[in-house]
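The values are calculated or read from the model by the stated rules, or taken from the named source; none is laboratory data. In this text, all values refer to a predicted model and were calculated from it rather than measured experimentally. Please note: Cβ atoms are built from the backbone with ideal geometry, for glycine as well, and neighbour counts cover all protein chains shown. Side chains included, ligands, DNA and RNA excluded: accessible areas come from the protein's heavy atoms. Shrake-Rupley method; radii C 1.70, N 1.55, O 1.52, S 1.80 Å.
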Amino acid sequence: MLSPKRLAAALTIPLFCSLLLIQPAPYLSADPLPSELSPAPSVSSPSSMSSFPDNAETRRLMQQTLSAAEIQKEIERIGTEQSTLKQTTAALTRQAAEKKKGIAEKEKRAGAVVRAYYTGDRDPLLTAFLSAKTLSKWFILLDYYEMIMGRDKEILAEYEQQYKNLQTTLAAAERSSKELAELKSALEEQKLRIEALHKDIEGGIQSSGDPQNMTALLEEFTAYWQNIGMHEVKTYFKALSSAMDHLPEFVESRDGVLTRRGTTYDLNLKEEDLNEFLYSQNKLFNNFSFTFENGSVIAAGKNGDLSLRLQGHYTIQEEPLNGLMFHVDSIIFNGLELPDTTRASLEKEFDLGFYPSKIVSFLHATEVDSKDGVLHVRLRLSF
């Protein structure tokens, strides 16, 4: 059985590669130069490797373990957000109750003003004002009439403003309550998913022929992913997000990429142009490349003992800023696909979008497609 120290190291990359039938791939490191990488501590294979199931089964268990680890993080995130939202909902509900109580008196006074006009209680003032026989009396009545009318307007305006504030608070409380219900549903769904995964993983461990060593292997893999793997994936996402900020400048300066036809522009970015741009932005991309095919954008790289493959697609976004938004369809890390919760989290954390207005302020994207090695974007002038 593996010692606790070796479990803590969680760097069994050669073992993972052999189990997953993956050729050793370059290490995805923030340091792009393989010669400068420090070798990872090795951990020998469990003694009962011969009693393990075939590689396909081990791979399946690793995939499920990875998904379970990531879904657990999502459960914790939802739980934290749910707790915060509960406090927000309670605070908004209290505010609404206080505002409703405070508005009661103003509502009563505003109602009296409205009734006074509706029942004609203000008519004698107007009649007296119009029947004044002297100019001095007329001005006195005018001042009196304006004072009453002004106060009536103030009462109505105060009530209207407080009523709007109350409605805004009530609407916010309702939205917060709805979000809380959605979070509760999402939490229950993720808990069911992870329970099913744990049950399946446990079944696989027990039928592996060597439950003790299989458990140790999966624990190592989980620790490796949490301590090393996720960091490496985020390193690439961060680098890509930073590079995309400078892509509009590259497009503008590159001959033939952007062409104009009247009020319409066509942006045709070849994959070799994009890759050249990325290499110029960060040496991290020296072993990384982009391809455009069948509506998808695919980025893949190998460095050291790790590999990463990212696939997604662009859609047009109108608000809050027109642009091309990148949606992550799949992320494969060392041959294992990350779950949807991780994809959504990375998509939210790192903006890989492209905004034409950064080329020219009044350019507006209307169409996007990627095929035959070219990313095509249709743009129009929007004033």
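So for the pair A56, E318, with labels modelled 7 Å out along Cα→Cβ, what separation do we get in nm?
The two pseudo-label positions are separated by 4.9 nm.
5 Å is the cut-off here: which amide hydrogens, built 1.01 Å from N in the peptide plane, fall below it relative to S208, excluding neighbours closer than 5 in sequence?
none
Roughly how many Å² is the accessible area per residue of segment 201-320, as a whole number, for a 1.4 Å probe?
Details: 5490 Å² over 120 residues.
Ligands and nucleic acids excluded, the result is 46 Å² per residue.
Using a basic spin-label model with each label point 7 Å from the Cα along Cα→Cβ, how many nm lie between D369 and E179?
Rounded to a tenth, the inter-label distance reads 3.9 nm.
Would you tally the net charge around P339, using a Cβ to Cβ cut-off of less than 12 Å, leaving P339 out, and scoring K and R as +1, D and E as -1? Write out the running numbers ahead of the final one.
On the way: positive: K73, R193, R343; negative: E70, E74, E337, D340.
Net charge around P339: -1.
Quantify how much of the Cα-Cα distance distribution of segment 233-383 extends past 20 Å, in percent.
The calculated P(r) of segment 233-383 puts 47 percent of pairs beyond 20 Å.
Considering only protein heavy atoms and a probe of 1.4 Å, how much of the accessible area of segment 309-383 is carbon and sulfur, as a whole percent?
Working: 1740 of 3420 Å².
Answer for segment 309-383: carbon and sulfur cover 51 percent of the accessible area.
At each listed q (0.31 Å⁻¹), what is the log10 of I(q)/I(0) that the Debye formula gives for segment 327-383 modelled as equal alpha-carbon point scatterers?
Scattering profile of segment 327-383, log10 relative to I(0): -1.13.
Please compute the net charge surrounding S289, taking Lys and Arg as +1 and Asp and Glu as -1 over other residues with Cβ under 15 Å from its Cβ.
Values: positive: K270, K283, K302, R309; negative: E271, E272, D273, E276, E293.
Summing Lys and Arg as +1 and Asp and Glu as -1 gives -1.
At 7 Å along Cα-to-Cβ for each site, give me the label-to-label distance between R260 and N286 in nm.
4.0
Among the listed pairs K73/K348; K302/K371; K234/K302, give every one whose C-alpha distance is greater than 21 Å.
K302/K371, as the Cα separations exceed 21 Å there.
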